[in-house]
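Here is the structure we will look at, set down as structure tokens.
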Amino acid sequence: MRVSQKLLVLTVRMGEQCAAWIAAKAKELWRKDSAPKKRSSDGTEAALLSIRIPAARSKLVFFLFVAGFLSVMGRAFYLQCGIETDFLQRQGEIRYARTLPEPATRGQIVDRNGVVLASTIPARSIWINPKESLSQITPDQMRKLAKLLGERYGDLRKRLYAKRNKSFAYIARQINVDTAQKIEALGISGLTVNNAVRRNYPEGKFSAHVVGFTDQDNRGREGVELANNSVLSGKAGSRRVIRDRMGRIVEDIWVREAQSGNDVVLSIDSRLQFVAHVALSKAIEKHQASAGAVVVADVQTGEILAMSNLPTYDPNSRRKLRLENVRNRVLTDAYEPGSTMKPFVVAKALDIGIVRSDTLVQTSPGKLTIGDKTIGDTYDHGLITVSEVISKSSNIGTSKIALEMPAEMLWQMYDVLGFGHSPKIGFPGAASGILRNGKKWRPIEQATISYGHGISVTLMQMVRAYTSLARNGDVIDLTFKRTDRPAQGIQVFRPEVARQMRQMMMNTVKDGGTARLVSVPGFTVAGKTGTANKIENGKYVDKFVASFIGMAPATQPRLIVAVMIDNPTKGSHYGGTISAPVFNEVMESALRFKGIHPDDHDASSSAGILVRGIRND
């Protein structure tokens, strides 16, 4: 009902009361005029009635009342139907009518098995009118309120009194229903509790970097919540209401219903996500590392089955959140990959036919001068085959192979593999890394990039690039969305080259090499370790990034697991020593969850390569 309509109803009721009162008064006056005169005992009229009220006067009073009533009724008619009706209605609505947003129910985020990772639950928002209510809050109420909100008394008081001249101030938003009821029970004058919603993350810290979180207005701010905000949000509605002077809603004028958001089904397996988190936590604690990350990908579909980052955070409790913990290292932290880059150079050389797996490469005397720079291996490996260049992780062997090819050809290969580009993964904040254009390379750059120095990448970029070795030489884009369709790739190497590279990465284990720590019982494994010095302020420092990227079953890969440990300070700093145990645990669980059958029935364990190099493994 509009404000002027309410005024009309009120005026009519007043008019009815006035009319009744006028009628009663008129009747009383008429009775007085026509009443028989009483006489005293001595025959005279009583003093009280000795003065008669003239009939003209009583009629005048009656007509004055009627005129007043008609004036009030006329004013009511003028307000309702007169020329200023719209103006008065607008003025009334400005003072008391408000249009409030009706938020849409945000869609759920679920994993590939339907496990809820993010949902919307009932909550409450509490506010007051500081102008009206603040002076009435007692110190005892303020102390109890602060305790329920988990704030210091002084901080809460300062926060509220900073808005003492405002007509609206939130006390709390998106708090749970129980807490809101306890706050309401404090009896604070003018306190208003409104229905609200908030996001709940059942998996908490285990899936935080995947799912992300929303702000207090239920807008995505990190992770899938941000990347799929438009899908999850739905379409907000609105509600036109009348408020009283305290700001409380007294009546709805109209409501436009909101449209709920859609659910998002992820490729993530929450069981594997938990396994990855636990395995990574143990490695970081054991080696006193600064951080770490794990990625698991399905080679056939490009689905990301797990992505774990440490340190992490709980999206349900962000009051004391450290920004350092929110960093999604898999996607945002670029590092020098070290020896995990070597297979691509060898694969390209095989692909164009300048070498075979048994081609001999001279690496003596363990050092190689290129221009005015010298590179080297940890050991003098002597005359070795191309296959041994991979198994022994020879920087010199890889560099010599790289220098046999045009720089532009190598750069184009790296470019197609995705280095230097932000991955098309539909995820916010993915870094592109650094890859200089091949036309600008000097020979020393061409050599060092071949073994993972002078280039920066993210772990997600490395996983994408390794799909070319795990598949038939084609590289595919990765996704966080569940899909059953095989991915379509871009051909980088011939299929037989990819098979040769996998065999090279398996041969070291079979030949009794140094890969004893990488093993998944019942499965063949192919992989590559990397250990690279970190760069700080433009200089290499005595800190390392240790990594391992492997695939299984190696005979026909289904899964890739990539592990990265940042700055281990206790024990070994080599990728095979630190990252291998994490790989073993995660890969074994992933194969089991996917129901993939063993391919190595004779061996109790099988592993990829664990090689030694000069601080870049």
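Taking the criterion of being β-branched (Val, Ile, Thr) and in contact with a Phe, Trp or Tyr (Cβ under 8 Å, 6 or more places away or on another chain), the only residue of region 249-281 that qualifies is 268.
Restricting attention to strands (runs of 3 or more DSSP E) lying wholly within region 156-269, give those where 3 or more residues are of a type in the set (A, V, I, L, M). Step through it out loud before you land on a result.
Details: elements: 169-175, 192-200, 237-243, 249-256.
So the answer is 169-175, 192-200, 249-256.
Is at least one residue of region 369-376 in contact (Cβ under 8 Å) with a residue 60 or more places away in the chain and polar (S, T, N, Q)? Scanning region 369-376 turns up no residue that is in contact (Cβ under 8 Å) with a residue 60 or more places away in the chain and polar (S, T, N, Q). Candidates in region 138-172 are the residues that are touching a strand residue (DSSP E or B) at 6+ places or on another chain (Cβ under 8 Å) and of a type outside the set (Lys, Arg); of these, the one that is farthest from residue 217 (Cα to Cα) is 145.
Hey, among 336, 388, 408, which residue is among the acidic types (Asp, Glu), under 25 Å from residue 489 (Cβ atoms) and in the same structural domain as residue 460 (by TED's automatic domain parsing)? Quick ask: steps written out before the conclusion?
Numbers: 336 fails: under 25 Å from residue 489 (Cβ atoms); 388 fails: under 25 Å from residue 489 (Cβ atoms).
Step by step, each of 336, 388, 408 is checked, and only 408 is among the acidic types (Asp, Glu), under 25 Å from residue 489 (Cβ atoms) and in the same structural domain as residue 460 (by TED's automatic domain parsing).
If the condition is being among the β-branched types (Val, Ile, Thr) and buried (at least 20 other Cβ atoms within 10 Å of the Cβ), then region 578-596 contributes 578, 582, 586.
Regarding residue 483, is this residue assigned to a loop (DSSP other than H, G, I, E, B), of a type in the set (Ser, Thr, Tyr), in contact (Cβ under 8 Å) with a residue 12 or more places away in the chain and out of contact with any Gly (no Cβ under 9 Å at 6 or more places or on another chain)?
On the way: assigned to a loop (DSSP other than H, G, I, E, B): yes; of a type in the set (Ser, Thr, Tyr): yes; in contact (Cβ under 8 Å) with a residue 12 or more places away in the chain: yes; out of contact with any Gly (no Cβ under 9 Å at 6 or more places or on another chain): no.
Here the answer is no, as residue 483 does not meet what is asked.
Mind listing whichever residues of region 408-439 are over 19 Å from residue 336 (Cα atoms), assigned to a helix (DSSP H, G or I) and either of a type in the set (A, V, I, L, M) or in contact (Cβ under 8 Å) with a residue 40 or more places away in the chain (or both)? Passing the criteria: only 409.
Contact annotation: residue pairs with Cβ atoms under 7 Å, 6 or more positions apart or on different chains, pairing a residue in region 440-452 that is on the phi > 0 side of the Ramachandran plot with a partner that is assigned to a helix (DSSP H, G or I), are 452/338; 452/339; 452/340; 452/341. Restricting region 558-577 to residues that are more than 27 Å from the chain's Cα centre (by Cα) and surrounded by 24 or more Cβ atoms within 10 Å (Cβ to Cβ) leaves a set whose member that is nearest to residue 311 (Cα to Cα) is 568.
Looking only at residues in region 93-145 that are modelled with pLDDT under 90, among the basic types (Lys, Arg) and surrounded by 14 or more Cβ atoms within 10 Å (Cβ to Cβ), the one that is nearest to residue 228 (Cα to Cα) is 98. Screening the candidates 290, 308 for the property of being touching a residue at least 40 places away in the same chain (Cβ under 8 Å), closer than 23 Å to residue 478 by Cβ and of a type in the set (S, T, N, Q) yields one hit, 308.
Do you know which of the residues in region 253-268 that are under 18 Å from residue 120 (Cα atoms) and in contact with a helix residue (DSSP H, G or I) (Cβ under 7 Å, 6 or more places away or on another chain) is surrounded by the fewest Cβ atoms within 10 Å (Cβ to Cβ)? If we take residues in region 253-268 being under 18 Å from residue 120 (Cα atoms) and in contact with a helix residue (DSSP H, G or I) (Cβ under 7 Å, 6 or more places away or on another chain), then 262 is surrounded by the fewest Cβ atoms within 10 Å (Cβ to Cβ).
Conditions (1) closer than 27 Å to residue 269 by Cα; (2) under 31 Å from the mean Cα position of the chain (by Cα); (3) among the hydroxyl-bearing types (Ser, Thr, Tyr), marked per residue:
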position	(1), (2), (3)
438	no, no, no
454	no, no, no
466	yes, yes, yes
476	yes, yes, no
484	yes, yes, no
489	yes, yes, no
519	yes, no, yes
526	yes, no, no
539	no, no, no
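When you scan region 404-422, do you find a residue that is hydrophobic (A, V, I, L, M, F, W, C), more than 20 Å from residue 347 (Cα to Cα) and within 39 Å of the chain's Cα centre (by Cα), even just one?
First, the residues of region 404-422 that are hydrophobic (A, V, I, L, M, F, W, C): 405, 407, 409-411, 413, 416-417, 419.
With more than 20 Å from residue 347 (Cα to Cα) added as a condition, the list becomes none.
No, because not a single residue in region 404-422 is hydrophobic (A, V, I, L, M, F, W, C), more than 20 Å from residue 347 (Cα to Cα) and within 39 Å of the chain's Cα centre (by Cα).
Taken over region 425-450, the residue count meeting the criterion of being crowded, with 18+ Cβ neighbours inside 10 Å, under 28 Å from residue 479 (Cα atoms) and either hydroxyl-bearing (Ser, Thr, Tyr) or not assigned by TED's automatic domain parsing to the domain that holds residue 535 (or both) is 1.
Checked against (1) surrounded by fewer than 17 Cβ atoms within 10 Å (Cβ to Cβ); (2) hydrophobic (A, V, I, L, M, F, W, C); (3) in contact with a Ser or Thr (Cβ under 6 Å, 6 or more places away or on another chain), residue 250 meets all criteria but (3).
For region 474-485, which positions are over 17 Å from residue 117 (Cβ atoms), surrounded by 12 or more Cβ atoms within 10 Å (Cβ to Cβ) and not acidic (Asp, Glu)? 475, 476, 478, 483, listed by residue number.
Being more than 23 Å from residue 576 (Cβ to Cβ) and out of contact with any Ser or Thr (no Cβ under 7 Å at 6 or more places or on another chain) is a description that does not apply to residue 388. For region 101-155, filtering for residues that are in contact with a Phe, Trp or Tyr (Cβ under 8 Å, 6 or more places away or on another chain) and assigned to a loop (DSSP other than H, G, I, E, B) leaves 1.
Anything in region 439-473 that is under 17 Å from residue 552 (Cα atoms) and of a type in the set (D, E, K, R)? List them, or say none. Result: 464, 471. Return a yes/no flag: does region 364-384 have any residue that is surrounded by 23 or more Cβ atoms within 10 Å (Cβ to Cβ), β-branched (Val, Ile, Thr) and either within 22 Å of residue 532 (Cβ to Cβ) or assigned by TED's automatic domain parsing to the domain that holds residue 472 (or both). No: zero hits.
The values are calculated or read from the model by the stated rules, or taken from the named source; none is laboratory data. Just so it is clear, the model here is predicted, and its values are computed rather than measured. Please note: Cβ atoms are built from the backbone with ideal geometry, for glycine as well, and neighbour counts cover all protein chains shown.
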